[in-house]
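Engineer: Before I ask anything, here is the structure I am working with.
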Amino acid sequence: MERNRGIGILCQKHKPVFSDVAERLRSAGFQVRFFHPQSPLSPEQIADLSLIVNKKTLPSALPALRHARRTGIVLWNNLQAVILFSSRLVGLRALSEMGFLTPEVSFEKPDGEYVAKGYYIWNDEPELNGEGDFYQELVPTEPVDYKYYAVNDGSEIHVAGRRVTSKLHGEKQFIGQIEIRPALAASLREFVERFDLRGVGVDLVKDGDGQYWAVDVNLAAGYRDTGLEPALTESIITSLPSE
């Protein structure tokens, strides 16, 4: 058995997707513990784990994740990618390199409408025409986000998506599933492979000409309303170290 088959999940335990995944893992014989993402982790707390699902990573958890990597505890999403994509600007550049269209970015407020963002994902939420570290051109579109998700289970990269109302215009609400665009799915799979990821989400918007623009990458995706729970469970199991 791998270190008592212990799995830690950095996520609030009431989150619907990962609470379901945890029950699936327990049914398969694994011990699962949740750690609040805002609580610092000590080496003692994670010493008996085989794997940490760094579903949401804040700066307070980084020292423990570095310690985990040094001591042989596997991280579901690799630490290099977690640190790399904590930078929103790096994430946008990476999306562009994978073939996604991305809006123009400036460090001074544009003349037209824009989205203000912080440099790092743990900064404040993006704000329409607000104050930020940098400013992203607002793509003229209906107030809807197209969320694409990818989960790598070790043998297949599963892609799913959904439409939600934009948080720039109020509370996010689920609208419905989407028909996956093959070109976007191909770029997303290339992104997963290039950065050796297990799970990722990308937020897109669609302009009046039907073009999709990637506006954010999220290694702390929630996967809600996607049906990806079985793929997430298999991905975690296949990530475990073999004896």
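Engineer: Any idea what log10 I(q)/I(0) is at q = 0.13, 0.15 Å⁻¹ for the range 163-243, Debye with uniform C-alpha scatterers and no solvent?
Structural biologist: The computed values of log10 I(q)/I(0) come out as -0.51, -0.67.
Engineer: Another one. Among the aspartates and glutamates, select those whose C-alpha is under 14 Å from the C-alpha of residue 109, and discard any that sit fewer than 8 residues away in the same chain.
Structural biologist: Qualifying aspartates and glutamates at Cα under 14 Å: 127, 131, 133, 137.
Engineer: Out of the DSSP beta bridges found with both residues in the chain, what percent are antiparallel (nearest 5)?
Structural biologist: 75 percent
Engineer: Okay, next question. Going highest first, how would you order 236-242, 66-72 by mean Cβ packing within 10 Å?
Structural biologist: Highest to lowest by the protection proxy: 236-242, 66-72.
Engineer: Now for a separate question. Would you mind counting up the charge near residue 179? Only other residues with Cβ under 13 Å from its Cβ, with Lys and Arg at +1 and Asp and Glu at -1.
Structural biologist: After counting each charged neighbour, the total is +4.
Engineer: Here is a further query. Quick one: with all protein chains in place, what share of the accessible area of the range 1-153 is carbon or sulfur, to the nearest percent (1.4 Å probe)?
Structural biologist: 48 percent
Engineer: Would you please state which residues of the range 48-91 a label at residue 119 would reach in this model, taking the label point 7 Å out along Cα→Cβ and a backbone N cut-off of under 20 Å?
Structural biologist: 57-63, 80-91
Engineer: Here is a follow-up. Suppose R0 equals 41 Å. What FRET efficiency, 1/(1 + (r/R0)^6) with r the Cβ-Cβ distance, do residue 36 and residue 156 give to the nearest 0.05?
Structural biologist: That pair, residue 36 with residue 156, gives E of 0.85.
Engineer: Cα-Cα over 18 Å: which of 55/206; 15/172; 55/167; 13/172; 147/206; 167/206?
Structural biologist: Too far apart for the 18 Å limit: 55/206; 55/167; 13/172.
Engineer: Around residue 97, what is the net charge, scoring Lys/Arg as +1 and Asp/Glu as -1 over all other residues with Cβ under 11 Å from its Cβ?
Structural biologist: Residues near residue 97 contribute +1 overall.
Engineer: Tell me which aspartates and glutamates have Cα within less than 16 Å of residue 56's Cα, excluding those fewer than 8 residues away on the same chain?
Structural biologist: The qualifying aspartates and glutamates are 124, 125, 216.
Engineer: Moving on. Sort the following peptides by mean Cβ neighbour count (other Cβ atoms within 10 Å, averaged over residues), highest first: 148-157, 81-90.
Structural biologist: Ranking, from highest mean packing down: 148-157, 81-90.
Engineer: Quick one: length gained pulling residue 242 to residue 48 fully straight, 0.36 nm per residue minus the C-alpha distance?
Structural biologist: Gain on stretching residue 242 to residue 48: 68.3 nm.
Engineer: For 193, 234, give me the order by solvent-accessible area with a 1.4 Å probe, most accessible first, ignoring ligands, DNA and RNA.
Structural biologist: Heavy-atom accessible area, descending, gives 193, 234.
The values are calculated or read from the model by the stated rules, or taken from the named source; none is laboratory data. Everything numeric in this text was worked out from a predicted model, so none of it was measured. Please note: Cβ atoms are built from the backbone with ideal geometry, for glycine as well, and neighbour counts cover all protein chains shown. With ligands, DNA and RNA removed, areas are computed over all heavy atoms of the protein, side chains included. Shrake-Rupley method; radii C 1.70, N 1.55, O 1.52, S 1.80 Å.
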